[in-house]
Every structure is written in structure tokens, then in C-alpha cells.
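A.B. asks: The structure follows.
The values are calculated or read from the model by the stated rules, or taken from the named source; none is laboratory data. The shown structure was predicted, so the numbers you read here are calculated from the model rather than taken from an experiment. Counting neighbours? That spans all protein chains shown, and the Cβs are built from the backbone with ideal geometry, glycine included. Remember, those area values only see protein heavy atoms, side chains included, never the ligands or the DNA or RNA. Shrake-Rupley method; radii C 1.70, N 1.55, O 1.52, S 1.80 Å.
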Amino acid sequence: VRNPSPDSFPRLMLTEYAGWYAMQALAAAGAFRAIVTQANASAQRLQDRVVEDGERATVKRMRLLAAWGSMAEAQYQLHDYAAAAATSAKVLELRRQISPSTVQDARDASDDQMLAALIAVRLGKFDEARPLAAQALALHRGYYARNTEDATQHVQMARALYVAASAGIGDRAKELAEAKAILERLPPQMGRLISVGRLRAAIAEERGARR
């Protein structure tokens, strides 16, 4: 099989996919400014590539979701909430153009909703945050009730509880205590992940905040 030409669509998608993996390593290292730069460049390259509707358009949208999603998360971590809100809005708009076809699609979309809710909370826009947080929490309560094996979903459940508590939905103290307990029950290898450590710290910070 011949390699795709340097300017071909498959080569571009391979390049952007590899770049997304590189951004995950940067996230683990806390190099969020570098992620913003790289994700923005990736999104620009993708937007510049004109494709016809169909499979290629779908692939392009998925790679844009990855780029803008990484960028919004990095901006949030940098406390650049106005920029994060603008990027997150692009993600949510793109999500509306893609109907979830699998459980994983729905779970991925819920991650974007939870991030958008947290950004809105930081901007004091609780009326925007609550519907997003409530939808994500409802989704993950359903999955969590049926699934006792998937540790990655358990992390999402803990995050959904944390986001709901931050947005002012339900019993804040109970939700944060439940989120903490879920993380404490994770397998050791999962519990040592940097992303889980950040979530654990965020939950602890929220439990210590006065509302």
C-alpha cells in the first residue's frame, strides 16, 4: 500500500490524530499554553481543508472536536474562562451537527457538556451551567446504575457529580461526598492517573468552598 501524498486528506487526518495524542502528553505535563497553540493550529488546518459532505466531512468534524475540545480544556486550566467559553461554544455547536450513534459518542458529548458547565460556573453564568450539568449527570447516573466494571465511566460519574455540585444542582455536600467516594474505589492504576488526581483536587477544593 502506497503512502498517502503529503497534501492528501488521509495524511492530514493522520497528522492531526498524532497531534492529538501529543497534546494528551502535554496535558499530563501541565503544558496548557502549548496545547492552546497546537490545538489552534490544528483547528486552522482542518478548517482550511475543504471537503464534500459525507464520510470525509464527518472525519473532519471529529478531528475539529478533538482540537477544540483540547483547546477549551487547556484554556479552562489556564483560568482563561472567556476564551474557554468561546472555544467550548464551537464544540457544542459542532456536537449538535453530529448525532451520537454509540454509547461512547454520548459519553464523549457529555464530557464537552461538563466542561461547558464548569466554564459557565466560573463566569458566574449558573443559568447556563445548570441545564448542561443536569443533562450530563442524568446520563451518567443511568450508565453508573447499570455498569459496575468500567472504571473510566466511574470517573465520568464522579466528574458529573462534581460539576452538578459546582453548578448548584441538588444536594451539594452529598454529591461531592459521593464523587469523592467513587474516586476512592477506583482501581489503583486508574486512581494514580494525573487527570484523576486533578479531579480529586478539584472536588476537595469545592468541598472546602463556602456557598
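A.B. asks: Say whether the condition of being over 14 Å from residue 91 (Cα atoms), open to solvent by less than 40 Å² (accessible area, probe 1.4 Å) and not in a helix (DSSP H, G or I) is met by at least one residue in region 20-34.
C.D. replies: Yes, some residue in region 20-34 is over 14 Å from residue 91 (Cα atoms), open to solvent by less than 40 Å² (accessible area, probe 1.4 Å) and not in a helix (DSSP H, G or I).
A.B. asks: A further question follows. Going by the structure shown, is residue 11 open to solvent by 60 Å² or more (accessible area, probe 1.4 Å), of a type outside the set (Phe, Trp, Tyr) and in contact with a His (Cβ under 9 Å, 6 or more places away or on another chain)?
C.D. replies: no
A.B. asks: Further, regarding this structure: Given the conditions (1) farther than 26 Å from residue 190 by Cα; (2) at pLDDT 90 or above, which single one is not true for residue 57?
C.D. replies: With (1) farther than 26 Å from residue 190 by Cα; (2) at pLDDT 90 or above applied to residue 57, the lone miss is (2).
A.B. asks: Same structure again: If you scan region 87-106, which residues turn out to be modelled with pLDDT of 95 or more and open to solvent by less than 60 Å² (accessible area, probe 1.4 Å)?
C.D. replies: Within region 87-106, 87, 88, 89, 91, 92 meet the criteria.
A.B. asks: Test each condition in (1) closer than 23 Å to residue 153 by Cβ; (2) part of a helix (DSSP H, G or I) for residue 82 and report the one that comes out false.
C.D. replies: (1)
A.B. asks: Taking region 45-66 on its own, how many of its residues are in a helix (DSSP H, G or I) and within 16 Å of residue 98 (Cα to Cα)?
C.D. replies: Residues meeting the conditions: 12.
A.B. asks: Between residues in region 186-205 that are without any contact (Cβ under 8 Å) to a residue 40 or more places away in the chain and of a type in the set (Lys, Arg) and residues that are assigned to a helix (DSSP H, G or I) and surrounded by 15 or more Cβ atoms within 10 Å (Cβ to Cβ), which pairs lie under 6 Å by C-beta distance while being six or more apart or on different chains?
C.D. replies: 200/183
A.B. asks: Separate question: Checking residue 15 against (1) under 17 Å from the mean Cα position of the chain (by Cα); (2) more than 22 Å from residue 194 (Cα to Cα), which single condition isn't satisfied?
C.D. replies: Result: residue 15 fails condition (1) only.
A.B. asks: OK, next. Can you name every one of the helices (runs of 4 or more DSSP H) wholly within region 114-211 that holds 3 or more residues which are open to solvent by 60 Å² or more (accessible area, probe 1.4 Å)?
C.D. replies: Answer list for region 114-211: 126-146, 172-184, 194-208.
A.B. asks: Which of the residues belonging to region 43-68 are open to solvent by less than 50 Å² (accessible area, probe 1.4 Å), within 14 Å of residue 17 (Cβ to Cβ) and not hydrophobic (A, V, I, L, M, F, W, C)?
C.D. replies: 60, 63
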